[in-house]
Amino acid sequence: AQSVTQPDARVTVSEGASLQLRCKYSYSGTPYLFWYVQYPRQGLQLLLKYYSGDPVVQGVNGFEAEFIKSNSSFHLRKASVHWSDSAVYFCAVSAYTGNYKYVFGAGTRLKVIA
Amino acid sequence: DMKVTQMPRYLIKRMGENVLLECGQDMSHETMYWYRQDPGLGLQLIYISYDVDSNSEGDIPKGYRVSRKKREHFSLILDSAKTNQTSVYFCASSRRDRGYAEQFFGPGTRLTVL
């Protein structure tokens, strides 16, 4: 069965600084990979996804992520964060085990400070 | 307008009472999901529905049941609610079970069982 690890429960960065949120997955094949964002009192929204091709995928609001198969990682990056990026970010993996099964990481709470 | 709605948004019940959470979507998605979200645990899948009357248990189905009589509606039922079912519940939908399909989430229902 697949699993997802987001090792950082909380991350604090200064506005304008760069950001990397880490995600590692466990699955024997090549999974489909996602990053979702959750703003306060809202549901999750898709930021970006990878399912084939260029391992660097672009998402909304300047976010990107890179699939590194050799490292089983799919880290999320942003060159310059804004205070409005403060939210909880979830990495997710979808893999085939008879049916496709989505597994979410525990989430990383990002706080952007002035 | 692609939307997933959930009713009610907030609910307080006493232990032993029955609970009905309702979810609707306007995208004609075949697949729908119920998750619960608890601090530090991310999202845990309770049930998945592949279409009308085609439901499967997720990872934590105990204490819950579901009903899907129309493609656009998916209900979560707690018979005799327990205090450990206090949580935030999210409904989501996606196109027919394809691993790379985005899930669209509702705003959540915050359930408190006293």
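The values are calculated or read from the model by the stated rules, or taken from the named source; none is laboratory data. As the structure is a prediction and not an experimental result, all values here were calculated from the model. Every residue, glycine among them, receives a Cβ derived from its backbone with ideal geometry; neighbour counts consider all protein chains shown. What goes into the accessible areas is simple: the full protein's heavy atoms, side chains included, and nothing from ligands, DNA or RNA. Shrake-Rupley method; radii C 1.70, N 1.55, O 1.52, S 1.80 Å.
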Contact list please: Cβ distance under 7 Å, first residue in region A:97-113 and under 16 Å from B:Y35 (Cβ atoms) and modelled with pLDDT under 95, second residue in a strand (DSSP E or B) and open to solvent by 30 Å² or more (accessible area, probe 1.4 Å), pairs at least six apart or on different chains.
A:V103/A:S3; A:G105/A:T5
Scanning region A:11-32 for residues that are in a strand (DSSP E or B) and modelled with pLDDT of 95 or more, which turns out farthest from the other protein chains (Cβ to nearest Cβ)?
A:S14
Matching residues, region B:42-58, being surrounded by fewer than 19 Cβ atoms within 10 Å (Cβ to Cβ) and either farther than 14 Å from B:T86 by Cα or in contact with a helix residue (DSSP H, G or I) (Cβ under 6 Å, 6 or more places away or on another chain) (or both):
B:Y50, B:D51, B:V52, B:D53, B:S54, B:S56, B:E57
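Tell me whether region A:31-51 contains one or more residues that are under 23 Å from B:L43 (Cα atoms), of a type in the set (D, E, K, R) and over 12 Å from the mean Cα position of the chain (by Cα).
Just the residues of region A:31-51 that are under 23 Å from B:L43 (Cα atoms), to begin with: A:31-51.
If we keep only those that are of a type in the set (D, E, K, R) as well, we get A:41, A:49.
Narrowing the set further to residues that are over 12 Å from the mean Cα position of the chain (by Cα) leaves A:41.
Checked against the condition, which is being under 23 Å from B:L43 (Cα atoms), of a type in the set (D, E, K, R) and over 12 Å from the mean Cα position of the chain (by Cα), region A:31-51 yields at least one hit.
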Mind listing whichever residues of region B:68-108 are open to solvent by 10 Å² or more (accessible area, probe 1.4 Å), in contact (Cβ under 8 Å) with a residue 24 or more places away in the chain, assigned to a loop (DSSP other than H, G, I, E, B) and facing chain A (nearest Cβ under 7 Å)?
B:D97, B:P107
Within region B:21-38, identify whether any single residue is within 14 Å of chain A (Cβ to nearest Cβ) and without any contact (Cβ under 8 Å) to a residue 12 or more places away in the chain, and answer yes or no.
no
Report whether or not A:A114 is over 18 Å from B:Y100 (Cβ atoms) and open to solvent by 30 Å² or more (accessible area, probe 1.4 Å).
yes
With the requirement that a residue be open to solvent by 20 Å² or more (accessible area, probe 1.4 Å), in a loop (DSSP other than H, G, I, E, B) and more than 12 Å from every other protein chain (Cβ to nearest Cβ), what does region A:48-99 give you?
A:D54, A:P55, A:S72, A:A79, A:S80, A:H82, A:S86
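Return yes when A:Y32 is among the hydroxyl-bearing types (S, T, Y), out of contact with any Gly (no Cβ under 6 Å at 6 or more places or on another chain) and open to solvent by 20 Å² or more (accessible area, probe 1.4 Å) and no when it is not. Talk me through it step by step, then tell me what you get.
Numbers: among the hydroxyl-bearing types (S, T, Y): yes; out of contact with any Gly (no Cβ under 6 Å at 6 or more places or on another chain): no; open to solvent by 20 Å² or more (accessible area, probe 1.4 Å): yes.
No: the conditions fail for A:Y32.
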Failed item, numbered, when B:I12 is tested on (1) open to solvent by less than 50 Å² (accessible area, probe 1.4 Å); (2) in contact (Cβ under 8 Å) with a residue 60 or more places away in the chain:
(1)
